[in-house]
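Chemist: Could you have a look at this structure, given as structure tokens, before my questions?
The values are calculated or read from the model by the stated rules, or taken from the named source; none is laboratory data. The structure displayed is predicted, hence computed values, not measured ones. All Cβ positions, even for glycine, are placed from backbone atoms using ideal geometry, and neighbour counts span all protein chains on display.
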Amino acid sequence: MHKTAVVILNWNGIDFLKKFLPDIISYSSGNDTEIWVADNGSSDGSADWLSDNFKTIRLIRLGINHGFAGGYNMALGQIDADYYVLLNSDIEVSAGWLKPLIDCMDNNQDVAACQPKIRSFYRRSHFEYAGAAGGFIDRLGYTFCRGRIFDCVEEDRGQYDDPADIFWSTGACMVVRRDAWIKCNGFDRDFFAHMEEVDLCWRFHISGYRIRYVPSSMVYHVGGGSLSYESPFKTYLNFRNNLYLLYKNLPSDTLLKTLMTRKLMDGLAAIMFLMTGQFRNAVAVWKAHIDYYKNLAALRDKRKEPGRQDIIKTDDLILNKSLVMEFYIKRNRTFESLNYQTGKK
């Protein structure tokens with residue numbers, strides 16, 4: 001058993017593996033760390049190429065595409081380590097990236113997960129959309145980051161160089177404590193992909209854990225490697241999974257009011273898609289809501305899982321404002337302008 005397992009979930013990412021895997025091996029191996037690649041049913045020859053060229057890599061062949069959530073659940077169930085490092089295949093790492101993250105976990109037993117600073121691979125002075133300097137959520141379930149609100153991505157000027165408690169850690173690069181992963185049952189595979197890490201981190205909070213941002217570690221993320229940010233399927237997943245997220249985790253006294261408001265906002269978003277000619281994205285929003293209603297019975301059961309009967313409030317980490325109002329009406333386009341105080345223990 002190794003202390004740390006760096007686990008890359010691959011789906012048709014042979015070009016990314018060729019580009020980034022050598023440095024991942026060089027800068028992550030040793031120090032009681034093992035590198036794994038779980039192949040999610042790729043059709044581009046990724047698994048065979050890995051088997052032929054990297055004999056030291058531990059390879060798991062999952063056979064078919066189980067999605068991000070299902071793929072990691074199946075892979076991590078076969079790996080024995082104290083810490084799992086979930087790492088996208090389109091991440092560039094550098095010397096010293098891993099140690100600050102593991103030190104954070106070693107020194108904070110109540111931390112279930114942490115993430116590094118994530119910059120854009122192509123626009124290297126700026127944060128990357130999916131993670132930036134740590135994730136948060138507003139009272140209606142809209143996610144955002146230190147360094148990114150909606151599609152407005154900030155330049156990294158050192159403004160978020162302080163370690164902080166965050167609401168969610170990006171699945172693009174996150175270290176997860178194995179005991180917390182098992183206790184909280186890993187990802188919800190019904191999410192398939194997108195926002196499953198937000199759901200997991202919310203459940204970590206409900207179970208009494210913390211999530212941390214570690215700026216002394218930095219990686220570069222290509223982004224959109226498996227599914228383009230403009231994809232209607234991604235639109236569908238984000239809208240559907242956001243409803244899943246809220247229904248599963250909100251306290252009962254705010255659940256119905258929040259969902260009603262969010263559904264109204266989603267309807268307005270669909271209308272905006274139509275008005276701007278994005279017809280496939282508009283259809284994706286409606287399909288997301290239809291499928292949410294189809295799965296309500298399963299969602300009710302998830303609210304009744306052991307240990308979740310009394311869903312606790314996490315108000316100290318949820319922005320008690322409307323992010324849509326702040327961004328579009330008040331024109332607050334940066335995390336700093338929200339005047340939102342984060343935990344910095």
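Chemist: In the range 177-187, is there at least one residue being surrounded by fewer than 14 Cβ atoms within 10 Å (Cβ to Cβ), at pLDDT 95 or above and of a type outside the set (F, W, Y)?
Modeler: The answer is yes; a qualifying residue exists.
Chemist: Looking at the range 140-156, is at least one residue surrounded by 24 or more Cβ atoms within 10 Å (Cβ to Cβ), touching a strand residue (DSSP E or B) at 6+ places or on another chain (Cβ under 9 Å) and among the acidic types (D, E)?
Modeler: no
Chemist: Among the numbered criteria (1) over 19 Å from V6 (Cα atoms); (2) under 11 Å from the mean Cα position of the chain (by Cα); (3) not in a helix (DSSP H, G or I), which single criterion is violated by N185?
Modeler: (2)
Chemist: Let me ask something else about it. Determine which single condition A172 fails, assuming it passes every other condition in (1) touching a helix residue (DSSP H, G or I) at 6+ places or on another chain (Cβ under 9 Å); (2) surrounded by fewer than 21 Cβ atoms within 10 Å (Cβ to Cβ).
Modeler: Here A172 meets the rest and fails (2).
Chemist: So if I check each of G158, G135, G171, which one is at positive phi, outside the structural domain of A288 (by TED's automatic domain parsing) and at pLDDT 95 or above? Working first, answer last.
Modeler: On the way: G135 fails: at positive phi; G171 fails: at positive phi.
Criteria check complete, one pass: G158.
Chemist: Still on this structure: So, in the range 130-171, exactly how many residues are under 23 Å from A112 (Cα atoms) and touching a Gly at 6+ places or on another chain (Cβ under 7 Å)?
Modeler: Total meeting the criteria: 14.
Chemist: With the structure loaded, tell me whether L256 is outside the structural domain of M74 (by TED's automatic domain parsing), without any contact (Cβ under 8 Å) to a residue 12 or more places away in the chain and not in a loop (DSSP other than H, G, I, E, B) or whether it fails that test.
Modeler: Answer is yes for this residue.
Chemist: Between D44, D15, which is without any contact (Cβ under 8 Å) to a residue 12 or more places away in the chain, in the same structural domain as C173 (by TED's automatic domain parsing) and more than 19 Å from V85 (Cβ to Cβ)? Spell out how you get there, then give the answer.
Modeler: Working: D44 fails: without any contact (Cβ under 8 Å) to a residue 12 or more places away in the chain.
Exactly one residue qualifies, and that residue is D15.
Chemist: If I filter the range 196-209 for residues that are polar (S, T, N, Q), outside the structural domain of S28 (by TED's automatic domain parsing), in contact (Cβ under 8 Å) with a residue 60 or more places away in the chain and in contact with a Lys or Arg (Cβ under 8 Å, 6 or more places away or on another chain), do I get at least one hit? Full working, then the answer.
Modeler: Initially, the range 196-209 is screened for residues polar (S, T, N, Q), giving 207.
Within this subset, residues satisfying the condition of being outside the structural domain of S28 (by TED's automatic domain parsing) are none.
Within the range 196-209 (the criterion being polar (S, T, N, Q), outside the structural domain of S28 (by TED's automatic domain parsing), in contact (Cβ under 8 Å) with a residue 60 or more places away in the chain and in contact with a Lys or Arg (Cβ under 8 Å, 6 or more places away or on another chain)), the answer is no, since none of the residues qualifies.
Chemist: Being surrounded by 14 or more Cβ atoms within 10 Å (Cβ to Cβ) and among the hydrophobic types (A, V, I, L, M, F, W, C) is the filter here; which residues of the range 275-289 pass it?
Modeler: Residues satisfying the conditions are A282, V283, A284, V285, W286, A288.
Chemist: If Y84 satisfies all but one of (1) surrounded by fewer than 23 Cβ atoms within 10 Å (Cβ to Cβ); (2) under 30 Å from I206 (Cβ atoms), what's the number of the condition it fails?
Modeler: The number of the failed condition is (1).
Chemist: Related question: Scan the range 83-94 and tell me whether some residue there is in contact with a Leu (Cβ under 6 Å, 6 or more places away or on another chain) and farther than 20 Å from V175 by Cβ.
Modeler: no
Chemist: Return only the number of the condition from (1) at pLDDT below 95; (2) buried (at least 18 other Cβ atoms within 10 Å of the Cβ) that A5 does not satisfy.
Modeler: Result: A5 fails condition (1) only.
Chemist: Still on this model: Given L246, L237, which one is outside any strand (DSSP E or B) and in contact (Cβ under 8 Å) with a residue 60 or more places away in the chain?
Modeler: Step by step, each of L246, L237 is checked, and only L246 is outside any strand (DSSP E or B) and in contact (Cβ under 8 Å) with a residue 60 or more places away in the chain.
Chemist: Next question, about the same structure. I need a count of the residues in the range 27-41 that are closer than 14 Å to L87 by Cβ and either among the hydroxyl-bearing types (S, T, Y) or exposed (fewer than 15 other Cβ atoms within 10 Å of the Cβ) (or both).
Modeler: Count: 4.
Chemist: Next question, about the same structure. Within the range 139-177, track down each residue that is under 23 Å from Y83 (Cβ atoms) and of a type in the set (S, T, N, Q).
Modeler: Answer for the range 139-177, where residues must be under 23 Å from Y83 (Cβ atoms) and of a type in the set (S, T, N, Q): S169, T170.
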